[in-house]
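Notes follow once the structure below has been shown.
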Amino acid sequence: MRADLCVVGLGGSGLAAIDEGLRQGATVVGLDAGLVGAAAAGRNGGLLRAGCSLFHHQARVRYGTNRAKRIHAATIEERERLVGDWPDLTRRCGYLRLAHDDAEQEDCRAHLDALVEDGFQARWHEGPPGPGLLVPDDAAIDPRQRCQKEAESVAGRQAHLFEYSPALDLHPGLVATDGGRVYCHAVVVAVDGALAAVLPELAGRVWPMRLQMLASGPHEPGTLPHAIGTRQGWDYGQQLVDGRIAFGGCRDVGGDAERTTSTVPTAEVQEALERRFTEVTGLRPRVTHRWAATVGYTESGLPVLDEIRPRTWAAGGYSGTGNLLGAVCGRAAARLACGVATSSVLD
Ligand SMILES: Cc1cc2nc3c(=O)[nH]c(=O)nc-3n(C[C@H](O)[C@H](O)[C@H](O)COP(=O)(O)OP(=O)(O)OC[C@H]3O[C@@H](n4cnc5c(N)ncnc54)[C@H](O)[C@@H]3O)c2cc1C
């Protein structure tokens, strides 16, 4: 098979890369080791929170104000694209950074000041489930359906997608799978938690991490009017339209054991999630589902977005916040691979 661009990984980031490649007039082949959206992109909390893994005030300090602003603005653009493209799958519920204690309340104030100073929408929230910083324009999405709809959309525009087709060997201009070879001008590898497995030269720069969630309920509508993040972002959740609450986090409780490619939930983290669920909502959890998936983490909290081998770009390592940033990076990688850009939002 021949194409201008071969995209490895059909989660949200890879599908955005394919969409962008098509927009640039490229012929595109997409490969996934399993099913479209069956990894983290289809099994996450569904929060469309603008920004990167660090909160904006922290990102300004770590990456510089202009770079942090550019990244933040790019994720807002992607959020608006998703809400515009998939109104039936998204809810403009806002994101509440719920202060866990007095220290976090102070930090939320600093976070709010930084957002407002840089011209981003945010305000202080009082009332249930507690005080904190509210970003009213942030949203939530059904992550699995997002991937399925995006795959249908790109396939309808003549991208060739192959499931159960792991990329086994990558050379400049050639991707080999069990079932055949793709000869292409350029490759985008968008496999997040599997980046170092596919491109071993990235080992040490990006590593796999297990994130765990549970679903509880249904509970009274309005229990969580906003998608939430709390305890410095360790814990997060949203209430779905059917009343169930998807609640995740407590990775700190699992410690180093969460640095794994295993996607089996553990008793230790799940019990902690149940306790945190009660602390946040005031309700006893009625758990219907427990699950986990693998994501890629980096030391800086910023993703990898680089040409790792000649004409082979890697995008991944969103440190647990890739619904928007992953799509931003997938698009940027496709533009670099198609030769229509020479730098990205991360530069
Ligand atoms: C429990 C949980 C909750 C989360 N909650 C949120 C949230 O609320 N908001 C948010 O922004 N982020 C959240 N995240 C993070 C987010 O899910 C990820 O950052 C994002 O989905 C990454 O998407 P991706 O397409 O880059 O990678 P993935 O979804 O991991 O997709 C990569 C794809 O590559 C495929 N692949 C791997 N190896 C190969 C190979 N050799 N050949 C071909 N294909 C291959 C995989 O099968 C997979 O389908 C959460 C993650 C988890 C696990």
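The values are calculated or read from the model by the stated rules, or taken from the named source; none is laboratory data. This one's a predicted model, so the numbers in the text were calculated from it and none came from an experiment. For neighbour counting, all protein chains shown are included, and Cβ atoms are generated from backbone atoms with ideal geometry for every residue, glycine included.
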*the stretch 286-318: number of residues that are near the ligand (Cβ under 8 Å from one of its atoms) and farther than 15 Å from Val345 by Cα*: 6
*Number of the exception - Ala59 against (1) in contact (Cβ under 8 Å) with a residue 12 or more places away in the chain; (2) in the same structural domain as Leu168 (by TED's automatic domain parsing)*: (2)
*For the stretch 134-166, how many residues are surrounded by fewer than 16 Cβ atoms within 10 Å (Cβ to Cβ) and charged (D, E, K, R)?*
3
*asked:* Go through the stretch 267-285 and report how many residues are surrounded by 14 or more Cβ atoms within 10 Å (Cβ to Cβ) and either hydrophobic (A, V, I, L, M, F, W, C) or not in a helix (DSSP H, G or I) (or both).
replied: 7
*Which listed residue, of Gly179, Gly193, is modelled with pLDDT under 95 and outside the structural domain of Gln105 (by TED's automatic domain parsing)*: Gly179
_Condition check for Thr260: crowded, with 16+ Cβ neighbours inside 10 Å and within 17 Å of Arg43 (Cβ to Cβ)_ = yes
_Cβ contacts < 8 Å: first residue more than 16 Å from Ile228 (Cβ to Cβ), restricted to the stretch 92-119; second residue modelled with pLDDT of 95 or more and among the polar types (S, T, N, Q), any location; separation 6+ or different chain. Result?_
Leu115/Gln121; Asp118/Thr65
*Do we find that Arg109 is surrounded by fewer than 20 Cβ atoms within 10 Å (Cβ to Cβ) and outside the structural domain of Asp192 (by TED's automatic domain parsing) in this structure?*
yes
*Inspect all residues belonging to the stretch 271-282 and state whether any of them is of a type in the set (Val, Ile, Thr) and touching a Cys at 6+ places or on another chain (Cβ under 8 Å).*
no
*Would you check if Arg81 is surrounded by fewer than 22 Cβ atoms within 10 Å (Cβ to Cβ), within 18 Å of the chain's Cα centre (by Cα) and not assigned by TED's automatic domain parsing to the domain that holds Leu325?*
yes
*Boolean, Leu346 is surrounded by fewer than 21 Cβ atoms within 10 Å (Cβ to Cβ), more than 14 Å from the ligand (Cβ to nearest atom) and closer than 24 Å to Val28 by Cβ*: yes
*Given the structure, is Thr223 in contact with a helix residue (DSSP H, G or I) (Cβ under 7 Å, 6 or more places away or on another chain), among the hydroxyl-bearing types (Ser, Thr, Tyr) and in a loop (DSSP other than H, G, I, E, B)?*
yes
